[in-house]
Amino acid sequence: MSGAHKIFEIFHIRRIALAVFLGIGVASWLVYRNFDAGAFGRINWSYTSTFFLAVALLMMVIRDLAYIYRIRLLSDKKLSWRQSFQVIMLWEFSSAVTPSVVGGSAVAMFIIAQEGISAGRSTAIVLITAFLDELFYVVMVPFAFLLAGSTFLFKSEGQYLLFNTQWGTAGIFWIGYGFIMLLILLIYLGIFVRPRSFKWMLIKVFSLSFLRKWRQRAADSGTDIIITSKEMKGRSFSFWLRAFGSTVLSWTARFWVVNMLILTVAPVDDHFLIYARQLIMWVIMLISPTPGGSGVAEYIFNGFLGEFIPNGLAPSLALLWRLISFYPYLFFGAIILPIWIKRVYSKKHLKQIGKQA
């Protein structure tokens, strides 16, 4: 199967339709169930509301610009601004049409490699990107507990099924946070301390009888770690500061979208508590089996953030949140994909695809 065939299969229309159907379907059901005509009647849309809506849109622009800057930085500027923009849009597109627990990293590695970046560098870029994203989360959570307090963070009473067991919000969070901490530690030891020893350990662990069928994948992951270690060796403090700084800016802008949307309909007394609640929401969305967390994100929005929003408006605001922060990637991805295919693949490839279709 050619590279273009693979990418078209990943971004098949049925994946896009499923993401849209789940998200819009759940949001519409919640709006219908909680509809309060009086609440809508009390909305006093003003220039201030329009301003905060514009700021919410600006936050999404800042989020993407920070991601684009970071990937260009990690590629040592081998990716142009145009290439970086298209890679990020397709990366977000792939994340939106695959389950959150799977993510778009494998697709991103493939896309970056098609831009003329070596397989080793592509692997390094994706792994370091994942490392920086998880590092942001690990660092921010203690600040959330310090400034917001655990009493207020876990106010939602939702129950979630994981490992065939019902867990409350706090339980799911600690499982997710523990897993992320372990992942960060393993990546750090593998990339920055003993990459070859890490690969040897992986192979040994997956040589156990009940894990043996995944041994080759573990060995491949170990090889990826070694390659990433070589690619990132000797990077300056300034490089890592810029890479992590752009990560913090991107995630902060992403979370502040919700703060700005709430300000369009109501005053906010504790912005950081809303920010901190989203850190908890992110773990729930991370384990979602649906594409891009569709349906799950809209559903948990009310439980975590409903108290900051006038009664009856939370489902509508959740839908607006996803319309700003999620669905545009489906739209832009669908537009950019054929442009990217045309640029990356030769006319000969495209002709062969047409004959085989």
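The values are calculated or read from the model by the stated rules, or taken from the named source; none is laboratory data. Given the structure is predicted, the values throughout are model-derived calculations rather than measurements. Positions of Cβ are generated from backbone atoms using ideal geometry, with glycine treated the same way; all protein chains shown enter the neighbour counts.
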- Note on the structure: Within the stretch 153-194, the residues that are under 17 Å from M140 (Cβ atoms) and modelled with pLDDT under 75 are L153, F154
- Task: Return the only residue of S84, S75, S80 being surrounded by fewer than 14 Cβ atoms within 10 Å (Cβ to Cβ), modelled with pLDDT of 60 or more, out of contact with any Asp or Glu (no Cβ under 6 Å at 6 or more places or on another chain) and closer than 30 Å to A119 by Cα.
- Result: S80
- Message: Which residue is surrounded by the fewest Cβ atoms within 10 Å (Cβ to Cβ), if the candidates are limited to the stretch 102-118 and must be without any contact (Cβ under 8 Å) to a residue 60 or more places away in the chain and assigned to a helix (DSSP H, G or I)?
- Response: A106
- Note on the structure: Exactly one of K204, K230 is modelled with pLDDT of 80 or more, surrounded by fewer than 17 Cβ atoms within 10 Å (Cβ to Cβ), closer than 15 Å to I125 by Cα and among the basic types (K, R), and that residue is K230
- Determine whether K199 is of a type in the set (K, R) and modelled with pLDDT of 70 or more. yes
- Item | Hits in the stretch 123-139 - residues which are surrounded by fewer than 19 Cβ atoms within 10 Å (Cβ to Cβ), over 16 Å from the mean Cα position of the chain (by Cα) and either closer than 16 Å to R72 by Cα or not β-branched (V, I, T) (or both) | none
- Considering the stretch 308-330 alone, what residues qualify as being surrounded by fewer than 15 Cβ atoms within 10 Å (Cβ to Cβ) and modelled with pLDDT of 80 or more? L323
- Query: Here are I225, I274: which of them is part of a helix (DSSP H, G or I) and farther than 30 Å from A170 by Cα?
  - Reply: I225
- Task: Out of A334, A297, report the one residue that is within 26 Å of P142 (Cβ to Cβ), assigned to a helix (DSSP H, G or I) and modelled with pLDDT under 80.
- Result: A297
- With respect to V268, determine if the residue is in contact (Cβ under 8 Å) with a residue 24 or more places away in the chain and not in a helix (DSSP H, G or I). yes
